[in-house]
1. Would you calculate the volume per residue, in Å³, of the smallest convex hull containing every Cα atom of segment 18-86?
2. Given the options E185, E132, E103, state which has the largest fluctuation in a GNM of the chain using a 10 Å cut-off (strictly under) for Cα springs.
3. Compare the Cα positions of L76, P88, F45 along the charge dipole of segment 8-92 (+1 at Cβ of Lys, Arg; -1 at Cβ of Asp, Glu; about the Cα centre) and return the one farthest towards the positive end.
4. Between V239 and V126, what is the FRET efficiency for a Förster distance of 51 Å, r being their Cβ-Cβ separation, to the nearest 0.05?
5. Based solely on C-alpha atoms, express the radius of gyration and the Dmax of segment 198-264 in angstrom.
6. If the only charges are +1 at each Lys and Arg Cβ and -1 at each Asp and Glu Cβ, what is the size of the charge dipole of segment 166-264 around the Cα centre, to the nearest 20 debye?
7. When you count, for each residue, the other Cβ atoms within 10 Å and take the mean per peptide, how do 190-199, 213-222, 17-26 rank with the highest first?
8. On the protein heavy atoms, probe 1.4 angstrom, tell me the percent of accessible surface of the chain carried by carbon and sulfur.
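The values are calculated or read from the model by the stated rules, or taken from the named source; none is laboratory data. Keep in mind it's a predicted model, so treat the numbers as computed, not measured. Counting neighbours? That spans all protein chains shown, and the Cβs are built from the backbone with ideal geometry, glycine included. SASA here: full protein model, heavy atoms, side chains in, ligands and nucleic acids out. Shrake-Rupley method; radii C 1.70, N 1.55, O 1.52, S 1.80 Å.
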Amino acid sequence: MNAINTPKVPFYQAAHDEVSIFEMAQANQLPMLLKGPTGCGKTRFVEHMAARLGLPLNTVACHDDLSAADLIGRYLLKGGETVWVDGPLTRAVREGGICYLDEVVEARKDVAVVLHPLTDDRRRLVIDRTGEELVAPKSFMLVASFNPGYQNILKKLKPSTRQRFLSVGFDFPEADIETAVVTEESGLDHDRAAALVRLAGHIRNLSGMDLEEGVSTRLLIYAATLIANGMSVDRALEVAIIAPLSDEADVCQALRDLTASVYG
């Protein structure tokens, strides 16, 4: 008998009731919006839930030039013939999977026009170029995320878009949960992972320093991975935490002083 290889579910440590909310949203064909700072686990959460539910995942990293055509698809020249190629949103609708729009506020305004019919009771995707009108199957789910801390007057979700989604806030985990995540993802022992999490807490509580955001859980995992593989703590903190957080010499020195006080 041949063994069946079951895809591994990416590790995710729930902080509150986000897992049950996601499952209920997907079961009831409701779109979901995740709000929170960079590197706090939003993307990993979606990857975890897609694997948990056994659904294909199409992830789109949104940017200033991302247009509706990039999501829907376009005609391309292949082997001397012009053929239609589905974009990630169209693929997700056809497959009945999840389409995850990471940092959706970065996309061009015409993207919202495409999303609206998919986020109400119509659940339809109109492809003008081919004349198709796809009805999303029950398993299809639209998930979007954004970082409220980076919003400005030119880039923010309009109420007409926001109010089409369930919305769940994400933040950096409590210390015990974050320590468990860092330990699991990096292979570093619990005590040294806990020290990194304590350092992160101090950095996040800093005021009056030129930091757009505190250190992310992702950066803690990077630092822990380097330490677990033999790099000195000082060097790992420099390349994985201090340098990524700022280019300002005085800010970097203040962070070095803080790490020295935390690590004694």
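1. Expressed per residue, the convex hull around the Cα atoms of segment 18-86 is 141 Å³.
2. E132
3. After comparing all options, I get F45.
4. So the FRET efficiency works out to roughly 0.60.
5. According to the Cα coordinates of segment 198-264, Rg and Dmax are 11.1, 35 Å.
6. 200 debye
7. 213-222, 190-199, 17-26
8. For the chain, the apolar C and S fraction of the accessible surface comes to 50 percent.
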